[in-house]
Amino acid sequence: MRTVKVLDNGPAEVRWNLVVMGDGYREAELPAFAQHAQSVADKLMATPPFDQLKSGINVFRVDVASTDSGADDPTTCGGPGIVAHTYFDASFCHGGIERALQVDVGTALQVAGQSVPQYAMVMVMVNTQTYGGTGGQVAVFSLAAQADEIALHEMGHTAFGLADEYELWAGCGVDTNHDQHQPVEPAYPNVTTDSNALTIKWRDLLTTQQIPTTRNADCTKCDPQSSPVALGTVGAFEGAHYYHCGAYRPEFNCRMRQLGQPYCAVCQKRIIVTIAPYVPPRPPEPPRPQPKPRSRFGCLPTLLLAPMFLGLRPHYEN
Amino acid sequence: MVLPPTDPLEGLEGQAGFWYELRDAAGSPLYRRIVRNPIQVHIEVHEADTPSPTRRMVDAPQGVFTALVPDLPEAEVIALCSSPFTKAYGPVQPIATFAVRG
């Protein structure tokens, strides 16, 4: 077993550490795992807001060799009956669900803790091209196209306490008892039962005064309407947290609602606030020579524009 | 080791979800993190042909997890606080406490 720092931004004691481990890679396949882990690190660092937090993040990979390639894929879930002897015992059909790819979470956390005791998030990539994954304390995903999106979504839950923003349970057109969210406020930062612009928990990020921004006209179904607002509009969109009505999400779409979408502004803020303590302060910039103003009003445009620029700076307070 | 900042220590009364917290001898929270329930009563299922995941109930819920808390001299217990372990959604209640020092 070998631990390699894929992205090195400082000592693990003071950084936010992501640990990526592989399962179902034989010894001879570990170079391929190294490439796959690098791809995960690259994708994470290209994903907002992680791209602006890079200096606070380390990514480690742990090379773990398995006896066999791949993962179990039992016939009980419609799979081909593959039995693979792997270190973390990766298997589809977790809970009797075909694409639910799971590993032995206890072993995974134990190995991660031995390799990088300061881990903040653990992922396991399983060496199979069959689509699948699950969340929980360890994000598990396969090598299938877009399966790494599962990892980013699950990381939202595990590392940042984000809730699901989708309004379905078993599926749109399938659910019969998910019409109305219970009148209990979820503690999670990105879903709410509150549609009051003055009290809604993400009121500091609202970009529209139309709250709720959308309503679901038929609470027995998923809301079929397309977005009536510009991309990036933060409001209160009805349909969230597994219910068609009575719960709201901050933007029309988000990675916590649909894989492949960017994190919404509220989720991004939560991620920034969580990782901010790990980001080293920027060294002070050297003083620049100040040009003399051409007239006594020469600096006025700069003064007028300064608050606008200051308003665009990321803010880390709760 | 650096920890994530605490979530609000007040104002979550009656809300639902899951969090763990560090408490002093009087039971007052010193540090709190809101997380997804690590003892999964239902799991998220990802299918290749549906953009949004779906949910399925788990027959025998179990979970292994870690809870990072600051090493504060006044800390006495770690408390796990959760909504009921059912599909129904209800306010958070303490479900277990653990002494932080042997």
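The values are calculated or read from the model by the stated rules, or taken from the named source; none is laboratory data. Just so we're clear, the structure is a prediction, and the values are computed from it rather than from any experiment. When we count neighbours, we look across all protein chains shown, and the Cβ atoms used for this are built from the backbone with ideal geometry, even at glycine.
Scanning region B:13-42 for residues that are part of a strand (DSSP E or B) and within 10 Å of chain A (Cβ to nearest Cβ), we see that the one that is farthest from B:Ile95 (Cα to Cα) is B:His42. Among the residues of region A:35-53, those identified as more than 15 Å from the chain's Cα centre (by Cα) and crowded, with 17+ Cβ neighbours inside 10 Å are A:His36, A:Ala37.
Here is the figure for region B:70-96: residues that are within 14 Å of chain A (Cβ to nearest Cβ) and either over 27 Å from A:His181 (Cβ atoms) or assigned to a loop (DSSP other than H, G, I, E, B) (or both) total 11.
Among residues of region B:1-29 that are within 14 Å of B:Asp71 (Cα to Cα) and loosely packed, with under 15 Cβ neighbours inside 10 Å, those with a beta-carbon under 7 Å from a residue that is modelled with pLDDT of 95 or more and polar (S, T, N, Q) at least six positions away or on a different chain give the pairs B:Met1/A:Gln118. Return yes when B:Ala88 is under 30 Å from A:Pro224 (Cα atoms), at pLDDT below 95 and surrounded by fewer than 16 Cβ atoms within 10 Å (Cβ to Cβ) and no when it is not. Yes: the conditions hold for B:Ala88. Checking each residue in region B:43-69 for being facing another protein chain (nearest Cβ under 8 Å) and in a strand (DSSP E or B) picks out B:Ile43, B:Glu44, B:Val45, B:Thr54, B:Arg55, B:Arg56.
Scanning region A:1-27 for residues that are touching a residue at least 40 places away in the same chain (Cβ under 8 Å) and among the acidic types (Asp, Glu), we see that the one that is nearest to A:Gln129 (Cα to Cα) is A:Asp23. When we screen A:Ala151, A:Ala147 for residues that are buried (at least 19 other Cβ atoms within 10 Å of the Cβ), more than 10 Å from chain B (Cβ to nearest Cβ) and modelled with pLDDT under 95, the only hit is A:Ala151. Looking across region A:56-87, just one residue is touching a helix residue (DSSP H, G or I) at 6+ places or on another chain (Cβ under 9 Å), surrounded by fewer than 16 Cβ atoms within 10 Å (Cβ to Cβ) and not hydroxyl-bearing (Ser, Thr, Tyr), and that is A:Gly81.
Taking the criterion of being more than 11 Å from every other protein chain (Cβ to nearest Cβ), of a type in the set (A, V, I, L, M, F, W, C) and without any contact (Cβ under 8 Å) to a residue 40 or more places away in the chain, the residues of region A:173-212 that qualify are A:Ala197, A:Leu198, A:Leu206, A:Ile211.
Looking only at residues of region A:178-205 that are in a loop (DSSP other than H, G, I, E, B) and under 21 Å from the mean Cα position of the chain (by Cα), we find that the one that is surrounded by the most Cβ atoms within 10 Å (Cβ to Cβ) is A:Asn190. Across region A:89-113, the qualifying residues are those that are in a helix (DSSP H, G or I) and in contact (Cβ under 8 Å) with a residue 24 or more places away in the chain, and the one among them that is surrounded by the most Cβ atoms within 10 Å (Cβ to Cβ) is A:Ala108.
The lone criterion from (1) free of Cβ contacts under 8 Å to residues at least 24 places away in the same chain; (2) in a helix (DSSP H, G or I); (3) small (Gly, Ala, Ser) left unmet by A:Ala170 is number (2). Please verify whether A:Met123 is within 30 Å of A:Tyr248 (Cα to Cα) and assigned to a helix (DSSP H, G or I), treating the condition exactly as stated. The answer is no for A:Met123. Among the residues of region A:114-137, those that are more than 9 Å from chain B (Cβ to nearest Cβ) and either crowded, with 21+ Cβ neighbours inside 10 Å or closer than 20 Å to A:Val6 by Cβ (or both) comprise A:Gln114, A:Ser115, A:Val116, A:Met121, A:Val122, A:Met123, A:Val124, A:Met125, A:Val126, A:Asn127, A:Thr128. In this structure, A:Arg15 qualifies as crowded, with 16+ Cβ neighbours inside 10 Å and basic (Lys, Arg).
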